[in-house]
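What follows is a set of notes on a single structure, which appears directly below.
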Amino acid sequence: MEYDKVRTKVKGILVVMTTPFKNNYELDIEGVKKHTRFLIEKGLVDGAGVLVPTGSTGECPMLRENERKEVMKAIVEAANNEVPVFCGCNHTDTRVVIELAQYAEKIGADGVMISPPYYWCPTEDVVLNHYKSICNEIDIGVMVYNNWFASQLDMSIETLEKLSEIPNVVAIKENSCRIEKWDVLCLKLGDKVNIVAGNGDVHEPYASLMGSNGIISGLANFIPERYLKIYKAITDGGFMKARKLHYEEVLPLAFSYTSDDSSRYIAFLKEYMNLMGLPAGPARLPIVPLNSTEKEEIKKIAIEHKLI
């Protein structure tokens with residue numbers, strides 16, 4: 001595989017897709033396809049973005065392995081090569097990750113997004129063995145996911161440098177909240193791999209000033225056109241315009257789902273989508289559903305920001 005060519009695809013708006021469920025919590029595969037086409041029709045096409053299903057926002061811990069494969073296949077087919085697809089293949093068992101990544105390769109995905117193993121806080125040796133073992137078994141691009149909130153490890157720049165030497169590794173989804181790390185990371189690795197802002201809903205357009213190539217966003221599930229405007233302003237060199245758009249059109253929505261329980265952001269995202277008539281449904285347990293007061297507040301914000 002031409003990994004440099006795959007690397008150039010990792011830019012723009014990287015939508016970490018929600019997974020639609022029916023009211024009985026079963027997969028809504030027709031909803032998966034419909035949502036994929038919605039994003040493409042709103043402008044998420046090759047050169048402007050990437051679809052990233054079955055990751056944290058896609059409730060990967062609550063998906064059975066066969067369900068992950070169903071979702072991956074439905075999205076790759078619905079995308080029809082119009083937009084790159086990087087399938088989330090996170091798991092604490094390296095063998096399961098290999099199986100999922102091989103399946104993603106088989107169905108024609110452009111790449112996979114992979115976190116370090118979790119449950120035990122991994123050492124650097126564990127992280128390196130995990131990624132090397134996976135990359136030895138696939139011929140597809142890999143986006144390293146510095147998922148510190150699940151793995152309990154904020155991967156160091158030194159570890160990320162070693163990972164960037166693996167041929168398959170084409171991108172890093174950096175979730176660090178430390179601005180000084182961002183600066184050094186982009187300086188050292190920006191010419192080797194594409195680095196994208198994992199907390200893009202709140203860290204962009206600022207991360208782009210340091211070298212971020214793309215915006216990872218959950219909110220883009222239902223407002224992709226707003227993010228595309230921000231990204232265009234960034235690429236046109238209009239930072240102040242991008243910041244104004246961010247303040248006015250994105251940040252109030254991002255701040256509307258702050259919670260001590262970080263997993264609940266998925267329930268808030270899905271509530272916006274349900275109000276807008278987009279395929280979403282409920283979030284699966286153990287995510288705590290929204291109560292009536294929270295739903296009313298989300299509806300109020302949705303009306304205020306002209307979503308409904």
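The values are calculated or read from the model by the stated rules, or taken from the named source; none is laboratory data. Keep in mind that what you see is a predicted model, and the values were worked out from it rather than measured. Cβ atoms come from the backbone with ideal geometry, glycine included; neighbour counts cover every protein chain shown.
Regarding region 264-272, can at least one residue be identified that is more than 17 Å from G218 (Cα to Cα) and among the β-branched types (V, I, T)?
No, because not a single residue in region 264-272 is more than 17 Å from G218 (Cα to Cα) and among the β-branched types (V, I, T).
Select from region 94-117 the residues that are under 18 Å from the mean Cα position of the chain (by Cα), in a loop (DSSP other than H, G, I, E, B) and not hydrophobic (A, V, I, L, M, F, W, C) and write down the one among them that is farthest from P167 (Cα to Cα).
Of everything passing the filter in region 94-117, P117 is farthest from P167 (Cα to Cα).
Please enumerate the residues belonging to region 139-152 that are more than 14 Å from the chain's Cα centre (by Cα), buried (at least 21 other Cβ atoms within 10 Å of the Cβ) and modelled with pLDDT of 95 or more.
Answer for region 139-152, where residues must be more than 14 Å from the chain's Cα centre (by Cα), buried (at least 21 other Cβ atoms within 10 Å of the Cβ) and modelled with pLDDT of 95 or more: I140, G141.
Of the numbered conditions (1) within 30 Å of P286 (Cβ to Cβ); (2) crowded, with 21+ Cβ neighbours inside 10 Å, W182 fails exactly one; give the number of that condition.
It is condition (1) that W182 fails.
What is the residue count in region 180-206 for residues that are in contact with a helix residue (DSSP H, G or I) (Cβ under 6 Å, 6 or more places away or on another chain) and of a type in the set (G, A, S)?
Selection size over region 180-206: 1.
Here's the yes/no breakdown for (1) out of contact with any Pro (no Cβ under 6 Å at 6 or more places or on another chain); (2) free of Cβ contacts under 8 Å to residues at least 24 places away in the same chain; (3) not in a helix (DSSP H, G or I):
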site	(1), (2), (3)
V32	no, no, no
R37	yes, no, no
I40	yes, no, no
L44	no, no, yes
V50	no, no, yes
S56	yes, no, yes
N66	yes, yes, no
M72	yes, no, no
I75	no, no, no
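Report the residue count in region 20-30 for those that are part of a loop (DSSP other than H, G, I, E, B) and over 17 Å from E77 (Cβ atoms).
Result for region 20-30: 5.
Give me the pairs, please: first residue somewhere in region 209-233 and free of Cβ contacts under 8 Å to residues at least 40 places away in the same chain, second residue anywhere and β-branched (V, I, T) and crowded, with 24+ Cβ neighbours inside 10 Å, beta-carbon distance under 8 Å, and either six or more positions apart or on two chains.
G211/I195; S212/I195; S212/V196; R226/V250; I230/I215; I230/V250
Output the residues belonging to region 251-285 that are farther than 19 Å from I215 by Cβ and touching a residue at least 60 places away in the same chain (Cβ under 8 Å).
S262, K270, L278, P279, A280, G281, P282, A283, R284, L285, listed by residue number.
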